[in-house]
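S.K.: Got a structure here, written out as structure tokens. Questions coming.
The values are calculated or read from the model by the stated rules, or taken from the named source; none is laboratory data. A quick note: this is a predicted structure, and the numbers were derived from the prediction, not measured. For neighbour counting, all protein chains shown are included, and Cβ atoms are generated from backbone atoms with ideal geometry for every residue, glycine included. Surface areas here come from the heavy atoms of the whole protein model, side chains and all, with no ligands, DNA or RNA. Shrake-Rupley method; radii C 1.70, N 1.55, O 1.52, S 1.80 Å.
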Amino acid sequence: MVPLVLRTLNLWVLLVVVSFSGVTTAVARPPEARRSIWFGFERLDFTVDGRNCLLIVPETPAEGSPWIWRTEFFGHEPQADRVLASKGFHVAYMDVQNMYGAPVALDHMDRFHAFLVKEFRLSSKPVLEGFSRGGLFSLNWAARNPTKVSCIYNDAPVCDFKSWPGGKGRGPGSKGDWEQCLRVYGLTEQQGLEYKLNPVDNLAPLAREKVPLLHVCGDADEVVPFDENTRLLADRYEKMGGPITVIAKPGVKHHPHSLQNPYAIVDFVLKHTIGGSASAVLPETPVDYQVIQRKSRLAGVVAIKGFVSIESGNVEARFVLPGTDPANVRHPAFSWQNVQLDGKTGRFSAEIEVAAGGWYRVELRMVADQKPLTLTTIDHVGVGEVFVIAGQSNSTNYGSEKLLPETLRVATFDGTSWRLATDPQPGTHDGSTGGSFAPAFGDELARRFNVPIGVASTGAGATSVRQWLPKGEKMTNLPTIDAFVKPAGQGTWEATGELFDRMTTRLKALGPNGCRGVLWHQGESDAGQARAGYPADRQITGKQYTEFLEKVIRGSRKQVGWEVPWFVAQATYHTEEDAADEEFRNAQKEVWKPGLAHPGPDTDTLRKEYRDGVHFNGKGQRAHGKLWADRVGEVIERELEGK
């Protein structure tokens, strides 16, 4: 970790980086808002003034409803945003890309600000956050509205469009962006060079209001040169009496943005908004409702990682089973254990073996001179069984009834965050919003093994096995729906790899040996397509199905670097008159062989009383979940017994 240089007014001091990273409120919501989850927080997507917008909603808003407004590249290096959301800040974004902070963009931003203040009752003085070209937006909007800003955090910001995208200084610029920038500002080349309202030239409105600025930059930035942007702006702003802090990362280029440990950013924001400071212990993993795959019947290993925001002391961790006194539990995990802490980076990490079960509460504290300083808790962490679900609509959320886990011991992972596995399951590729088999499946296993269950759904409705192939794999029969494939020559198509990559990305996020296996429910969109009236040239054979599925399975293992177990269901049901396709049922059986895949359930046995068309009704979802649990449970038992 490189040291940083902290500049506050004319004072330059050496700063050592300390690293860390870390539901619904009673406010109005646009009726058309689409709800999802972002790192455990509610995310609302909607439109304002014809632009796509989003808002991250904290579980408990801080007093005064503070918010931070990311002006570009939402989600990139979100460390500070995540910590601030945990402290009650809303996080907002409006898509005004390719407008480079021009007046037309500022007009949109004015309306977005007014909308959030009125409809969501947010503070009238947000924190502005500009990454890279986002600095043009944050600084220009603040200059237009200096009384509506609490403070500004910019990261490697563009402060003069002549530097970027113009490339009129030491940087290479971007020819296409420069042309677009001039168009959106309505300027000729010469007018652009003479323009006097770039942030570096228009600081007086901010200085009059003493708006605090924090700039985090690499002093070797090759794209947005430091001297032409932040250094120039800081020199001018200081001379005007404006408060600015610059954290210059020695030898760092334009990337990476932010600070691995954003405590300096968070402290700056808190100081100029609600007061206080960043938590002393900021965990990165585990997170609330995370399930860790156990290594044996009795135990698993939980990785504890994170950062501290104070310079002295030790980090300790322990597990607590609610309803028990840790002092009476004879297991090392239930006693305070010292966690390895890197004094230079502030990063801590440990791997602690704990008994299979949960939910546990993980407690972390800083200790100095044998006295506890702070306590941070993660309330629901389990050690149990984890599964990735893939396939078509009956693997996603097309069931008639939205189920919830009755045991309250089933969690779901969307690739970034965990939560209870109430339907619809997050993370699917089709945006489906109905019910699934996952809660019932998890409940059955939780009761059988008395451990928490984790699921991660990645499926996409109406997809063929061909669409799940790794990128570049060829086929001579176009699927019924031609998404996720592209032409590759006369009479040939190839997979884009999008579905395959999404599934394997979820597997990678769980880590090596991070799940018991993949549950594959797919086949209806390959079996009997010609009988159903689709063009005959889109029908593949059972033999082709087996070959394609083998490529998916073997490809997934190569991609993630470990031998991921697979469970493959028999799934060919269309109607009562076309309830089972023996050719494709046999094709699915063909992968049931040692080293390739375990037998999954025979879902074709779930007939009319369990169905709503080709999909399942509530009774069918529960029966589907039980069938999966029975098959998977048999394998778990054998593996736990070493057979």
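S.K.: List the number of the failed condition for R70; all other conditions in (1) more than 18 Å from R111 (Cα to Cα); (2) open to solvent by less than 10 Å² (accessible area, probe 1.4 Å) hold.
M.R.: (1)
S.K.: For residues that are touching a helix residue (DSSP H, G or I) at 6+ places or on another chain (Cβ under 6 Å) and either more than 25 Å from L606 (Cβ to Cβ) or outside any loop (DSSP other than H, G, I, E, B) (or both), tally how many sit in region 410-454.
M.R.: 9
S.K.: Which ranges mark the helices (runs of 4 or more DSSP H) fully within region 133-218 that have 2 or more residues being closer than 24 Å to R70 by Cβ and within 33 Å of the chain's Cα centre (by Cα)? Give the derivation first.
M.R.: Numbers: elements: 134-144, 175-185, 189-194, 204-208.
Once the helices (runs of 4 or more DSSP H) in region 133-218 are filtered for at least 2 residues that are closer than 24 Å to R70 by Cβ and within 33 Å of the chain's Cα centre (by Cα), what remains is 134-144, 175-185.
S.K.: Moving on to the next point. Any idea how many residues of region 421-439 are within 16 Å of the chain's Cα centre (by Cα) and open to solvent by 30 Å² or more (accessible area, probe 1.4 Å)?
M.R.: Count: 2.
S.K.: Pairs needed: first member in region 341-358, within 16 Å of L282 (Cβ to Cβ); second member anywhere, in a loop (DSSP other than H, G, I, E, B) and open to solvent by 20 Å² or more (accessible area, probe 1.4 Å); C-beta distance under 6 Å; at least 6 residues apart or different chains.
M.R.: Sorted first by the residue in region 341-358, then by its partner, the pairs are T345/M1.
S.K.: Residues A355, A303: which one is closer than 15 Å to I378 by Cα, open to solvent by less than 40 Å² (accessible area, probe 1.4 Å) and of a type in the set (A, V, I, L, M, F, W, C)?
M.R.: Going through A355, A303 in turn, the sole match is A303.
S.K.: Which one of these does L15 not meet: (1) open to solvent by 50 Å² or more (accessible area, probe 1.4 Å); (2) over 19 Å from the mean Cα position of the chain (by Cα); (3) at pLDDT below 90?
M.R.: Single failed check for L15: (1).
S.K.: A further question follows. Take the residues in region 205-219 that are more than 15 Å from Y153 (Cα to Cα) and open to solvent by 40 Å² or more (accessible area, probe 1.4 Å), then tell me which one is modelled with the lowest pLDDT.
M.R.: The qualifying residue modelled with the lowest pLDDT is D219.
S.K.: Related question: Exactly one of (1) of a type outside the set (G, A, S); (2) more than 27 Å from G192 (Cα to Cα); (3) assigned to a loop (DSSP other than H, G, I, E, B) is unmet by R82. Its number?
M.R.: So R82 meets the others, but not (3).
S.K.: Just one of F484, F500 is at pLDDT 95 or above, among the hydrophobic types (A, V, I, L, M, F, W, C) and open to solvent by 40 Å² or more (accessible area, probe 1.4 Å); which is it?
M.R.: Being at pLDDT 95 or above, among the hydrophobic types (A, V, I, L, M, F, W, C) and open to solvent by 40 Å² or more (accessible area, probe 1.4 Å) holds for just one of F484, F500, which is F484.
S.K.: Pairs needed: first member in region 630-643, at positive phi and open to solvent by 90 Å² or more (accessible area, probe 1.4 Å); second member anywhere, assigned to a helix (DSSP H, G or I) and of a type in the set (S, T, Y); C-beta distance under 7 Å; at least 6 residues apart or different chains.
M.R.: No pair meets every condition.
S.K.: Say we look at region 91-131 and pick out the residues that are at positive phi and of a type outside the set (S, T, Y); which of these is surrounded by the most Cβ atoms within 10 Å (Cβ to Cβ)?
M.R.: G101
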